[in-house]
Amino acid sequence: MLRSWRKAGLGRDWRRRFLGVFVLVASCILGAMPTAWSAPPTVYDFRLTQGTARLPAVTVYADIIGAGEVPAKGLQPADLTAKIGAKPAKVARLTPFEDAKEGIAYVLLVDVSKSLSTAQFSQMKDTLAAFVDAMSDRDQAALVTFGSEVKLLQEFSPNRGKLKEKLAELQPTADDTAFYGGLDKAMAVARAGGAGVPARRVVITLTDGVNDLTGGVSKGDISGKLTTDPVPLYLIGFVQGSPTPEEQSAMGVMRDFAAQSGGRFYDGRSGGWRGIYFAITRSIRNAFVIELDAAGFRSEGAAYPLEITLKAANRTWDSKLQLTVPAGGSEATAAAPAAAAKPAATGNKDNSLWIMMGGAAVLILAGGCLWLRRRPVAPDHASSPANPAVAPPAAEPSVPVPVSAAETSQAGVLTRLTRTHEGPPPHQLEIEIIDRVVLGSDPSVSHLVFEQDHEIAPAHCEIFFEEGHLYLQNLATDRQTFLNGVALTARQSLDEQDVLKIGRTEMRITFPG
């Protein structure tokens with residue numbers, strides 16, 4: 001009977017159908033396995049910056065930095081564990097901020113004291129106007145000024161024209177600097193928010209940090225208010241000339257505030273403010289949104305410690321913040337023990353993994369045996385014509401094996417910059433550009449740093465990847481970026497062998513990949 005099937009071609013059809021089913025089942029098993037067995041990526045920094053709670057949902061924003069000072073790739077919710085107080089919370093989703101399609105609520109805190117000259121203040125206003133112009137349609141901004149007094153100049157608004165009109169009215173006329181009072185007001189505005197205001201809220205300011213107004217809000221007051229529900233502070237320090245001991249101390253306080261709040265400190269003494277403001281935006285947008293399910297947690301309307309642990313390839317990270325959780329939620333019900341047992345069941349992930357691997361092995365062995373049996377059968381000369389027309393075996397269609405989302409993520413562009421003349425290091429730089437790379441002289445705001453070229457601004461220019469192309473854009477407000485000998489006035493696409501010049505450094509661009 002088997003011989004008659006082969007003669008009729010039925011044996012080959014049967015084996016082909018069997019092989020198709022085998023590939024389909026194996027693909028399903030293998031497709032379910034990458035999440036379980038793929039190693040987490042290497043992470044170089046992990047910190048929680050902000051959170052909001054509307055039980056049972058809790059949303060947390062976090063910086064998770066991988067290689068190349070860009071957001072880590074390949075992370076899965078299973079790489080994180082969370083708890084609020086002593087209660088475990090399920091990590092439901094982990095999403096890059098840009099993919100979450102959320103906006104940002106900026107509080108632009110403006111120093112209107114005489115710390116800046118009229119020309120410098122005008123430059124700062126131009127920088128803020130450009131910053132407002134660059135806001136996305138989902139973003140909003142509020143304006144708070146501080147000098148001898150603190151004023152809320154503009155509530156949160158997405159109206160760029162209105163915001164720029166308010167900025168244009170400002171002048172540096174105040175004799176005193178109520179810096180701490182300004183921070184206090186800015187944080188209050190950020191926390192109050194309002195209907196329709198994005199949940200992600202930050203404060204940005206440029207100042208010398210000297211609080212010379214007696215009385216009022218103190219340094220301890222600000223530090224105390226940052227311990228619970230922190231609002232990230234992005235503080236740019238600036239002084240004219242060599243800083244005095246008082247100014248040095250004020251810069252240190254700004255660094256402490258920024259670190260405690262989940263924000264960052266930037267040294268703005270070398271200028272390049274526009275580049276710094278745009279670097280701040282990139283830093284904020286390079287975050288992750290972690291969504292927690294806190295079912296079974298009940299809040300009494302108090303502040304609770306929120307802790308998230310991340311297991312990366314190189315180490316285990318732990319970050320905490322104190323979060324006010326509005327009263328509500330529910331204690332675990334009778335059905336909750338089953339739900340509580342579920343994480344323990346997922347603790348048997350290794351067992352299920354071995355079961356899946358065993359099933360895959362059996363299928364692979366079965367498929368291998370079947371494949372070996374598919375070798376051609378010797379022709380039956382008694383029943384075959386003398387010169388049979390032998391048709392070549394039909395090629396088996398290739399079946400793509402499912403891969404994880406992390407494996408299908410778009411790769412960047414390997415870019416090499418080689419100095420065209422003698423000069424101080426670096427002589428050659430090579431980096432994979434996935435999003436944006438800033439070139440400048442200040443390591444706090446630039447990825448590729450040229451510290452020995454004093455004509456390069458802190459954040460001089462950027463190369464960014466967009467819609468399959470690399471582009472170059474000038475960031476410095478007082479210095480130029482040249483491409484093939486021409487000063488940039490707008491962004492310009494990059495090609496092989498282009499020559500980039502910033503300061504006294506000239507480099508040829510090539511793409512080794």
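The values are calculated or read from the model by the stated rules, or taken from the named source; none is laboratory data. In this text, all values refer to a predicted model and were calculated from it rather than measured experimentally. Virtual Cβ from ideal backbone geometry, glycine too; neighbours counted across all protein chains shown.
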Quick check: anything in the stretch 165-175 outside any helix (DSSP H, G or I), crowded, with 19+ Cβ neighbours inside 10 Å, free of Cβ contacts under 8 Å to residues at least 40 places away in the same chain and not polar (S, T, N, Q)? no
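When you scan the stretch 327-342, do you find a residue that is among the hydrophobic types (A, V, I, L, M, F, W, C), within 27 Å of T227 (Cβ to Cβ) and either at pLDDT 90 or above or in a helix (DSSP H, G or I) (or both), even just one? Please lay out each step first, then the result.
Kept after step one, since they are among the hydrophobic types (A, V, I, L, M, F, W, C), are these residues of the stretch 327-342: 327, 332, 334-336, 338-341.
Among the residues that remain, those that are also within 27 Å of T227 (Cβ to Cβ) are: 327.
Narrowing further to those that are either at pLDDT 90 or above or in a helix (DSSP H, G or I) (or both): 327.
Yes, some residue in the stretch 327-342 is among the hydrophobic types (A, V, I, L, M, F, W, C), within 27 Å of T227 (Cβ to Cβ) and either at pLDDT 90 or above or in a helix (DSSP H, G or I) (or both).
Of the residues T214, T145, which is polar (S, T, N, Q), within 26 Å of P243 (Cα to Cα) and either in the same structural domain as Q50 (by the TED database) or buried (at least 18 other Cβ atoms within 10 Å of the Cβ) (or both)?
On inspection, the qualifying residue turns out to be T145.
Filter the stretch 193-246 down to residues that are among the small types (G, A, S), free of Cβ contacts under 8 Å to residues at least 60 places away in the same chain and closer than 16 Å to A105 by Cα, then give me how many there are. Before the answer, list the steps.
Keep residues of the stretch 193-246 that are among the small types (G, A, S), which gives 193-196, 199, 209, 215-216, 218, 220, 223-224, 237, 241-242.
Then drop every residue that is not free of Cβ contacts under 8 Å to residues at least 60 places away in the same chain, which leaves 194-196, 209, 215-216, 218, 220, 223-224, 237, 241-242.
From the residues that got through so far, the ones that are closer than 16 Å to A105 by Cα too are 194-196.
Counting residues in the stretch 193-246 that are among the small types (G, A, S), free of Cβ contacts under 8 Å to residues at least 60 places away in the same chain and closer than 16 Å to A105 by Cα gives 3.
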Those residues of the stretch 492-503 which are at pLDDT 90 or above and in a loop (DSSP other than H, G, I, E, B) amount to L494, G503
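Test G252 against the stated conditions and say whether it is among the small types (G, A, S) and crowded, with 19+ Cβ neighbours inside 10 Å. Spell out how you get there, then give the answer.
Details: among the small types (G, A, S): yes; crowded, with 19+ Cβ neighbours inside 10 Å: no.
So G252 does not fit the description; no.
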Within the stretch 147-164, restricting to residues that are in contact with a Leu (Cβ under 9 Å, 6 or more places away or on another chain) and in a helix (DSSP H, G or I), the one that is nearest to L226 (Cα to Cα) is L163
Inside the stretch 247-302, the number of residues satisfying the requirement of being closer than 21 Å to A105 by Cβ and of a type in the set (G, A, S) is 7
Out of (1) within 17 Å of A279 (Cβ to Cβ); (2) within 25 Å of the chain's Cα centre (by Cα), the one H469 does not meet is (1)
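Restricting attention to the stretch 219-236, and to residues there that are under 26 Å from the mean Cα position of the chain (by Cα) and of a type in the set (A, V, I, L, M, F, W, C), which single residue is farthest from G275 (Cα to Cα)?
Among residues in the stretch 219-236 that are under 26 Å from the mean Cα position of the chain (by Cα) and of a type in the set (A, V, I, L, M, F, W, C), the one farthest from G275 (Cα to Cα) is L226.
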Restricting the stretch 182-200 to residues that are touching an Asp or Glu at 6+ places or on another chain (Cβ under 8 Å) and surrounded by fewer than 22 Cβ atoms within 10 Å (Cβ to Cβ), the one nearest to R255 (Cα to Cα) turns out to be D184
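Can you confirm whether L116 is out of contact with any Asp or Glu (no Cβ under 6 Å at 6 or more places or on another chain), farther than 26 Å from L75 by Cβ, in the same structural domain as R201 (by the TED database) and at pLDDT 95 or above?
No; evaluated as a whole, the condition is false for this residue.
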_Just checking, does the stretch 288-298 include any residue being outside any strand (DSSP E or B), outside the structural domain of P56 (by the TED database) and surrounded by fewer than 21 Cβ atoms within 10 Å (Cβ to Cβ)?_
no
- Determine whether S115 is over 20 Å from M187 (Cα atoms), surrounded by 23 or more Cβ atoms within 10 Å (Cβ to Cβ) and not basic (K, R). yes
Residue set E506, E422, E430, E451; condition over 28 Å from F265 (Cα atoms) and surrounded by fewer than 15 Cβ atoms within 10 Å (Cβ to Cβ); output residue E422
Of (1) within 30 Å of D79 (Cβ to Cβ); (2) surrounded by fewer than 18 Cβ atoms within 10 Å (Cβ to Cβ), A258 satisfies every one except (2)
Counted residues in the stretch 38-55 being buried (at least 18 other Cβ atoms within 10 Å of the Cβ) and among the small types (G, A, S) come to 2
A careful count of residues in the stretch 433-448 that are crowded, with 16+ Cβ neighbours inside 10 Å, farther than 11 Å from G275 by Cα and touching a strand residue (DSSP E or B) at 6+ places or on another chain (Cβ under 6 Å) gives 5
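Test of understanding: among F131, F156, which residue is at pLDDT 95 or above, buried (at least 21 other Cβ atoms within 10 Å of the Cβ) and not polar (S, T, N, Q)?
Numbers: F131 fails: at pLDDT 95 or above.
From the options F131, F156, the qualifying one is F156.
Can you confirm whether S319 is more than 22 Å from D79 (Cβ to Cβ) and modelled with pLDDT of 90 or more?
On the way: more than 22 Å from D79 (Cβ to Cβ): no; modelled with pLDDT of 90 or more: yes.
When the stated conditions are applied, S319 does not pass them.
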